[in-house]
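First the structure, in the form of structure tokens, and then the observations on it.
Throughout, read-outs are computed from the coordinates displayed, never taken from laboratory work. Computed from a prediction, not measured in an experiment: that's the story for all the values here. As a convention, Cβ positions derive from the backbone with ideal geometry for all residues, glycine included, and neighbour counts pool all protein chains shown.
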Amino acid sequence: MWPSTLFEQGATMHDGLVLSPGGKLEFSHWVYDDEKEEGAYVREDLSDKALLYLMEPVTLEGDVRLMDVFRVAASTASVAQVFRRDFSFELLQEAAKVKVTPYSTEYSPTGLEYLELYQSWERNEKGECEGSSRWSFHGVGFVLREDMVKSGYIIRRAGNRVDWAIDLTPLADLLDIPLRINKKVLIHGRDMDSPTFDESVGAIVLTGVIVLFVLNLAVWSEFLL
């Protein structure tokens, strides 16, 4: 029976599946010693059994990088086979041989501080919400120290972050960047006759994300090899 308690990213002791730095998929659980009257969290490495846990919720621990997701996806051929239609074998082979660009925490207004897995839903004229069968993926910039100006216009105020599309970004430039999960889902209006068209009309917070959606990042089709 799987524990139902969910913990925020960065937690180090909790029950459930954990994707940890180094590319390990581990099951963490509390073990109590009746004789010693004390307990401790223990972990079991399930990386080579990832296929069996694709539908289970997972927590990212610490500074998990995109390369760690690739390592779990490459742990067994059976996992890669699940994503075969998305050229999984080719992407995993490329990730294993590229020269990775080291991650830098040095501030840059156009740099990426982390990569983000997120969802965005739409609400139509019937009030129905529609999401995506997959989670989306983009880069998130550093908190701006000054206004971002383009063609004489301020496009983002200081103190905010910029969400960056990473389509066709070389895979080598992304592998060492920390990965985070955004559980807050914004809902946008899609009724063209409504004054709220293309505006945020609400939000929900998801309890977590399953292993399948995280590993899907390893076969994201827009990487530039």
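The table that follows gives values for the structure above.
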item: Cα-based shape type of the range 1-147, given that a ≥ b ≥ c are square roots of the gyration tensor eigenvalues and the cut on a/c is 1.5; result: rounded
item: 10 Å Cβ shell holding at most 15 others, DSSP loop, GluC sites (Glu not before Pro): longest site-free stretch of the chain; result: 38-105
item: Above-threshold pairs, the threshold being 30 Å between Cα atoms, out of K99/K183; K49/K97; K99/K150; K97/K150; K49/K99; result: K99/K183; K99/K150; K97/K150
item: Reachable aspartates and glutamates from K24, criterion Cα separation under 19 angstrom, eight or more residues apart if same chain; result: E8, D15, E44, D45, D48, E56, E61, D63, D68, D176
item: Candidates per chymotrypsin sites (Phe, Trp or Tyr not before Pro) in the range 70-155, loop by DSSP, up to 13 other Cβ within 10 Å; result: Y107
item: For I177, residues with placed amide H under 5 Å, excluding near neighbours; result: L66, M67
item: Helix-only mean residue ellipticity at 222 nm for the chain, each DSSP H run of n ≥ 4 adding -39500 (n - 2.57), per residue, nearest 500; result: -3500 deg cm²/dmol
item: Loop-exposed trypsin sites (Lys or Arg not before Pro) per DSSP, neighbour cap 10 Cβ within 10 angstrom, longest uninterrupted part of the chain; result: 158-225
item: Cα-based equivalent ellipsoid of the range 64-217: semi-axis lengths in Å, sorted from largest, via gyration tensor; result: 30, 24, 13
item: Difference of contour (0.36 nm per residue) and Cα-Cα distance, W164 to K36; result: 40.8 nm
item: Candidate aspartates and glutamates - alpha carbon under 12 Å from K184, same-chain residues fewer than 8 apart omitted; result: E116
item: Total charge dipole magnitude, the range 64-217, about the Cα centre, Cβ charges on Lys, Arg, Asp, Glu only, Debye to nearest 20; result: 460
item: Amide H partners (placed H, <5 Å) of G202, local residues excluded; result: I187
item: Calculated from backbone phi, Karplus (6.51, -1.76, 1.60) coupling profile of the range 111-128 in Hz, x at Gly/Pro; result: x, 10, 8, 7, 9, 10, 9, 8, 10, 9, 10, 10, 10, 8, 5, 8, x, 8
item: Separation between Cα centres of the range 98-168 and the range 54-75, rounded to whole Å; result: 21
